[in-house]
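Asks: Starting off with a structure, shown below.
Nothing in this text is a laboratory measurement; each read-out follows from the coordinates by a stated rule. Keep in mind it's a predicted model, so treat the numbers as computed, not measured. Counting neighbours? That spans all protein chains shown, and the Cβs are built from the backbone with ideal geometry, glycine included.
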Amino acid sequence: MPLTADHDGVEIFYRTEGIGPPLLLISGTGHDHQFWASQLPMFSEEFRTVVFDNRGVGRSSVPDPGYSLADMANDAVHVLDSAGIDHAHVMGFSMGGHIAQELAINHPDRVSSLGVHHSWCRNSPRLRTFQETRLELARQDQRLALAEFSMLGLHSHDYYNAHADEMRSHRDFLLERSPMNQGWIGQLEACLTGDTCDRIHGIDTPTLVTCSTLDVIAAPHHSREIADRIPKARLVELSNTGHVALMERPREFAEICLEFLRSL
């Protein structure tokens with residue numbers, strides 16, 4: 001599986017699956033390309049689907065902290081270049097949704113359509129506190145506390161209680177395979193400094209925005225703000241799911257995305 005060419009000391013691991021129009025998927029904080037594992041089989045039936053590890057996680061480079069979400073969007077462009085793709089449908093989840101906004105703003109010719117899922121364009125006080133707390137845990141090498149605290153935010157109450165084995169697996173990933181502290185610190189610092197609110201009105205591509213009623217990380221008001229500011233956006237709200245709706249309702253989430261893409 002390929003790596004992009006080195007750019008400013010960063011190489012990005014990616015993989016492609018399926019044939020059809022290109023679809024680029026961008027993962028959330030602390031997760032590698034397997035974040036999209038439940039959607040990839042469905043998406044790749046109709047699209048040449050590209051997944052990758054953001055800088056700081058998985059098999060991609062782990063540069064020193066101090067980079068931005070715009071830098072991570074440039075990484076996504078290098079993935080497209082390496083895969084020989086001129087433009088693609090782009091979908092990002094959580095932090096990946098914020099990266100996708102930067103990609104659409106800074107490289108509009110590379111984006112056929114945009115999906116901003118369970119994300120934000122500016123930190124609210126509550127979201128900022130959540131990210132700052134995780135950042136402090138990473139700086140103190142408190143990996144168990146970081147994993148547990150993240151899990152309590154990622155999943156809805158009922159889903160967490162009803163899926164003990166899945167929660168154990170997700171927790172083990174965050175402990176053993178998520179970024180080392182340098183990767184967490186770099187990604188969380190980028191999230192805390194990222195702000196696209198005053199620029200997304202210039203995005204002129206069809207855009208799907210999703211949120212969940214029980215999301216305590218990126219509450220629905222964040223998605224409504226995005227949808228209100230992007231002229232060609234449509235908003236879909238999932239009921240009774242937490243932040244990671246793509247894990248809690250994988251097929252429903254995939255069908256919402258596919259219906260949007262087919263409508264284009």
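Asks: Of all residues in the stretch 174-191, count the ones that are surrounded by fewer than 16 Cβ atoms within 10 Å (Cβ to Cβ) and in contact (Cβ under 8 Å) with a residue 12 or more places away in the chain.
Replies: 4
Asks: Here's a follow-up. Within the stretch 184-193, can one find any residue that is among the hydroxyl-bearing types (Ser, Thr, Tyr) and closer than 28 Å to ILE256 by Cα?
Replies: For the stretch 184-193, residues among the hydroxyl-bearing types (Ser, Thr, Tyr) and closer than 28 Å to ILE256 by Cα: absent.
Asks: So, one more: Only residues in the stretch 217-230 that are under 10 Å from HIS118 (Cβ atoms) count as the first member; pair them with residues that are among the aliphatic types (A, V, I, L, M), Cβ under 6 angstrom, at least 6 apart or cross-chain, and list the lot.
Replies: Hits for this filter: SER223/VAL209.
Asks: With respect to PHE130, is the statement that it is part of a helix (DSSP H, G or I), buried (at least 17 other Cβ atoms within 10 Å of the Cβ) and not acidic (Asp, Glu) true?
Replies: yes
Asks: Being in a loop (DSSP other than H, G, I, E, B) and buried (at least 22 other Cβ atoms within 10 Å of the Cβ) is the filter here, so list the residues in the stretch 59-97 that pass it.
Replies: Result: SER60, SER94.
Asks: Follow-up. Write out, first by first residue and then by second, each pair whose Cβ atoms fall under 6 Å of each other, whose residues are 6+ apart or on separate chains, and whose first residue, in the stretch 74-85, is charged (D, E, K, R) while the second is in a helix (DSSP H, G or I) and surrounded by fewer than 19 Cβ atoms within 10 Å (Cβ to Cβ).
Replies: none
Asks: So which residues in the stretch 39-65 are closer than 15 Å to HIS78 by Cβ and of a type in the set (Phe, Trp, Tyr)?
Replies: The one that is closer than 15 Å to HIS78 by Cβ and of a type in the set (Phe, Trp, Tyr): PHE52.
Asks: When you scan the stretch 222-255, how many residues do you find that are assigned to a helix (DSSP H, G or I) and either under 26 Å from HIS33 (Cβ atoms) or more than 18 Å from the chain's Cα centre (by Cα) (or both)?
Replies: 15
Asks: Separate question: Among the residues of the stretch 41-58, which ones are touching a residue at least 40 places away in the same chain (Cβ under 8 Å) and outside any strand (DSSP E or B)?
Replies: Within the stretch 41-58, MET42, PHE43, GLU46, PHE47, ASP53, ASN54, ARG55, GLY56, VAL57, GLY58 meet the criteria.
Asks: Let me ask something else. For THR196, work out the one condition from (1) within 21 Å of the chain's Cα centre (by Cα); (2) part of a helix (DSSP H, G or I) it doesn't fulfil.
Replies: It fails just one condition, (2).
Asks: Does THR205 qualify as being of a type outside the set (Gly, Ala, Ser), touching a strand residue (DSSP E or B) at 6+ places or on another chain (Cβ under 8 Å) and buried (at least 24 other Cβ atoms within 10 Å of the Cβ)?
Replies: Here the answer is no, as THR205 does not meet what is asked.
Asks: If you don't mind, there's one more thing I want to ask. Scan the stretch 26-65 for residues that are closer than 17 Å to VAL244 by Cβ and among the acidic types (Asp, Glu) and jot them down.
Replies: ASP32
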